[in-house]
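**Student:** The structure's right below; bear with me while I get my questions together.
Each value in this text was obtained by applying a stated rule to the coordinates, not by laboratory testing. Every value quoted in this text rests on a predicted model; they were computed, and no experiment measured them. Quick reminder, even Gly has a Cβ in these numbers, built from the backbone with ideal geometry, and neighbours come from all protein chains shown.
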Amino acid sequence: MQTQVPFWRAALLSLALLALLLGGWEFAARSGGAVGGTAIDPEYAALVGAAAAQGGQTPMPMPSEIGARLWQLLRDPFYVRGTNDQGIGIQIAYSLGRVGIGFALAALVAIPLGFLIGMSPLLAAALNPFIQVLRPVSPLAWMPLALYTIKDSSISAVFVIFICSVWPMLLNTAFGVAGVRREWLNVARTLEAGRLKTALRVILPAAAPTILTGMRISIGIAWLVIVAAEMLVGGTGIGYWVWNQWNNLSLADIVIAILLIGVVGLLLDRLLGWVAGAVAWQE
Amino acid sequence: MARLTRTPFAPCGCAAPHEPGFACAAPADGTGAHGAAVDEAVLRAVFPDGPTRRAMLGRFGAATLMAAIGGVFPMGHAREALAQAPAAPEKRDLKIGFIPITCATPIIMAHPMGFYARHGLNVEVIRTAGWAVIRDRALAREYDAAHMLAPMPLAISLGVGVANPIPWAVAAIENTNGQAITLAMKHREKRDPKDWKGFRFAVPFDFSMHNYLLRDYLAAHGIDPDRDVQIRAVPPPEMVANLRADNIDGYLGPDPFNQRAVFDGVGFIHVLTKEFWDGHPCCAFAVPREMVQSMPNTFAALMRAIVEATAHANKPENRREVAQAIAAQNYLNQPPTVVEQVLTGTFADGLGRVQRVPDRIGFDPFPWHSMAMWILTQMRRWGQLTRDVDYRAVAEQVFLALDAGRAMREVGLPVPESTVREHVIGGRRFDPADPAGYLASLPMRR
């Protein structure tokens, strides 16, 4: 059993680790960048990057450069300067929109279907082989098929989100529904509650924490997958933005994107965690 | 520039009503795909029975047959009547996909520099992630037209590398030359291709000039491109990162990524493809074949915008301005100096020298049928195309040389007399009259 540690001590250690990491990075980048400068034609030097002019390779960006770039991006996150040049806030909003639609559709399909599977052992046995084969497939493997049949890249991205978030919700719902205590169902029957009433008033509240756990897993996966899907189909979204900055070999922007993707993923997880806390029950 | 702005105001003599400042949408001479459509319609009317028509065509040939019909039917008038359709484009709001490379210069610059708007079109140019994505989005008609590699419409039309053959067309060539072989810095002493056994190369796509040129170049130096080296398809933006990570030894890729490797100190430019085949095509402005018939005025307006932009980009005095216009984040998203070095041809080669090659990249819209024929021989040579085809007939179907020529004539550019010419590739003559003989004479084939 762990003993409680004061909050401030953990926070201090976190900060110290961060400072050590960033400081080490900055130091390594600064010392690694300078290669023994050979005398070089100034006209040639003007045509290549600073590091290439000294016979080296462009180094990793330093944390200070990344910080400056982050400030520049966050100062104006919602600008639109043409189809291919929009602010980072807008890109994240596009990604969240796709995840939201795909996730909502998946919940609409998975939760009722999970209920049926959980309540009917026959259906559970019949559908099990399909679920077991399709579940481990990487959602991105569906992408070419989706593009080919749907013939629309943004709907294809939503479809990929749908297909990746449907399985954890489906399985967890079925598991939660199947695991409702027999006594409670018997009590409901004694009280002459109808099937629908039993499902809504007894099974749903009892299975809600398990269903929410499935939803929480799903949204995490969906947020992981949207970045990869948008790198493939392009157009808009944070994944496309990463691809685009990679195109420009701008590593500072990619580090920033990693940071923002992490923060947004954390917020999504917290949101569902908060909902899960609201429906939790204890015996 | 002066001539280009003046040309659209010149009297065009098409007699169709259109606003001043816009050239007429369809030309009066009735050649090209328009004319072909009339010919076919008349032929069908005269010989409604399919087998008879085909037998007659086989026996006498299309030209003789049309000449005979022309004796009793005013073919010229019919062609002109169709060609003189009203000038207003059927569809003004168009989406055009592009890959962020300098090959797409005319397609991209026509947007910020107003060439599309001048011809009454409201075009959105959309940066796209890779060649397979461009192909899928174009086939799904999310794009009205697209920037493609010149071999792609040939492959799509023949049903190679796609599920079903779909008639696609090269309306204009985007650029000539402008590619290079870039090698990792550690190979700076290995300049002879004979030392390249075991190298891992990247090309942008299987159906690309890059793939065919690299294979031809290697084969000419006795290196078997399938057995002695590895050739992978890698999207251009990922080439520099892979070169840096030592995943590949080099690539034959599009600019700005050759120059970008130099800029970042990762690689050096071994040879420009222009040294190998001066004037080779690379990328194309591709449209679905049916667009020529279903939206003739939009097609004509688009052609004029593209041809004008191509001519503007080709002038050395405009290159700096063009580089500034397309390097921005909305288009190529590259440091301006990299794009400028590519377009002006004054560039650092990665080995400490500044080279001056003004024709490092060129812009010439004319889609020579002989270029298509060479591409087809290479598709056959390396086993992508597993059956024999009539090279000339496929080239004429896919490369719309007559339509491009008409648009060029309208904006005052010289138009070649013939649609085929002799090319010299790696010191070997390609005679368009004998593509099969050329193919048989090549070393190595699958």
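**Student:** Restricting to Cα pairs below 8 Å that are 6+ residues apart, what does the relative contact order work out to for chain A? Please round to a whole percent.
**Tutor:** The normalised contact order for chain A reaches 19 percent.
**Student:** Taking amide hydrogens as modeled 1.01 Å from N in the peptide plane, which residues meet the under 5 Å criterion relative to B:His423, leaving out close sequence neighbours?
**Tutor:** Hits under the 5 Å cutoff: B:Phe430.
**Student:** Could you give the distance between the Cα centres of the range B:419-446 and the range B:96-122, to the whole Å?
**Tutor:** One Cα centre to the other: 34 Å.
**Student:** Something else now. Quick one: putting +1 on the C-beta of Lys and Arg, -1 on the C-beta of Asp and Glu, what dipole do you get for the protein assembly as shown around its Cα centre, in Debye to the nearest 20?
**Tutor:** Once rounded to the nearest 20, the dipole reads 1400 debye.
**Student:** Sticking with this structure for a sec: How much length, in nm to one decimal, is gained on full extension between B:Gln230 and B:Ala55, taken as 0.36 nm per residue of separation minus their Cα-Cα distance?
**Tutor:** Taking 0.36 nm per residue and subtracting the Cα distance, the gain is 58.2 nm.
**Student:** Oh, and also: At what distance in angstrom do the alpha carbon centres of the range B:250-307 and the range A:101-162 lie from each other?
**Tutor:** 40 Å
**Student:** 5 Å is the cut-off here: which amide hydrogens, built 1.01 Å from N in the peptide plane, fall below it relative to B:Thr346, excluding neighbours closer than 5 in sequence?
**Tutor:** Counting only residues 5 or more places away or on other chains, the set is B:Val357.
**Student:** Could I ask something else about it? Just for the protein assembly as shown, what percent of DSSP beta bridges are antiparallel, to the closest 5?
**Tutor:** In the protein assembly as shown, DSSP labels about 65 percent of beta bridges as antiparallel.
**Student:** Separate question: Give the share of C-alpha pairs in each 5 angstrom bin for the range B:269-416, from 0 to the last occupied bin, in whole percents, shortest bins first.
**Tutor:** 2, 8, 14, 16, 18, 15, 14, 9, 4, 1, 0
**Student:** Can you count the Lys pairs in the protein assembly as shown whose Cα atoms are under 25 Å apart, with each pair 8 or more apart or on different chains?
**Tutor:** Number of lysine pairs found: 9.
**Student:** Could you work out which residue, out of A:Ser156, A:Ser64, A:Ser14, moves most in a Gaussian network model of chain A, that is, has the largest mean-square fluctuation with Cα springs under 10 Å?
**Tutor:** The residue that fluctuates most here is A:Ser14.
**Student:** Taking the mean number of other Cβ atoms within 10 Å as a proxy for protection, how do you rank B:159-168, A:4-13 from highest to lowest?
**Tutor:** Peptide ranking by packing, descending: B:159-168, A:4-13.
**Student:** Can I ask one more? Apply the Karplus parameterisation 6.51 cos²θ - 1.76 cosθ + 1.60, with θ equal to phi minus 60°, to every residue of the range A:96-112 and state each ³J(HN,Hα) to the nearest whole Hz, in sequence, with x for glycine and proline.
**Tutor:** With coefficients 6.51, -1.76 and 1.60, one gets 4, x, 5, 4, x, 5, x, 5, 4, 4, 4, 5, 4, 7, 6, 5, x Hz.
**Student:** Let me ask something additional. Taking θ as phi - 60°, what are the ³J(HN,Hα) couplings along the range A:167-175 by the Karplus curve (6.51, -1.76, 1.60), each to the nearest whole Hz, with x for Gly and Pro?
**Tutor:** My calculation for the range A:167-175 gives 5, x, 5, 4, 5, 5, 4, 4, 4 Hz in order.
**Student:** Oh, and also: Using the Cα centre of the range B:296-420 as origin and beta-carbon charges of +1 (Lys, Arg) and -1 (Asp, Glu), tell me which of B:Gln341, B:Asn318, B:Ile306 is placed farthest towards the positive end of the dipole.
**Tutor:** B:Gln341
**Student:** Something else now. For the protein assembly as shown, build the charge dipole from Cβ charges (+1 Lys, Arg; -1 Asp, Glu) around the Cα centre, then report which of B:Tyr438, B:Ala163, B:Ser208 sits farthest towards its positive end.
**Tutor:** Positive-most Cα among the choices belongs to B:Ala163.
**Student:** What is the dipole size for chain A, taken about its Cα centre, with +1 at each Lys and Arg Cβ and -1 at each Asp and Glu Cβ, in debye to the nearest 20?
**Tutor:** 1180 debye
**Student:** Whole-Hz Karplus ³J(HN,Hα) for the range B:190-203, in order, using 6.51 cos²θ - 1.76 cosθ + 1.60 and θ = phi - 60°, x for Gly and Pro?
**Tutor:** 8, 8, 8, x, 5, 8, 8, 4, x, 5, 10, 10, 10, 10
**Student:** Counting pairs of Cα atoms in the protein assembly as shown, how many percent are more than 33 Å apart?
**Tutor:** So the portion of pairs separated by more than 33 Å is 59 percent.
**Student:** Amide H to amide H, which residues 5 or more places from B:Trp168 or on other chains are under 5 Å from it, using H placed in the peptide plane?
**Tutor:** When sequence neighbours closer than 5 places are left aside, the close amide H contacts are B:Ser157, B:Arg289.
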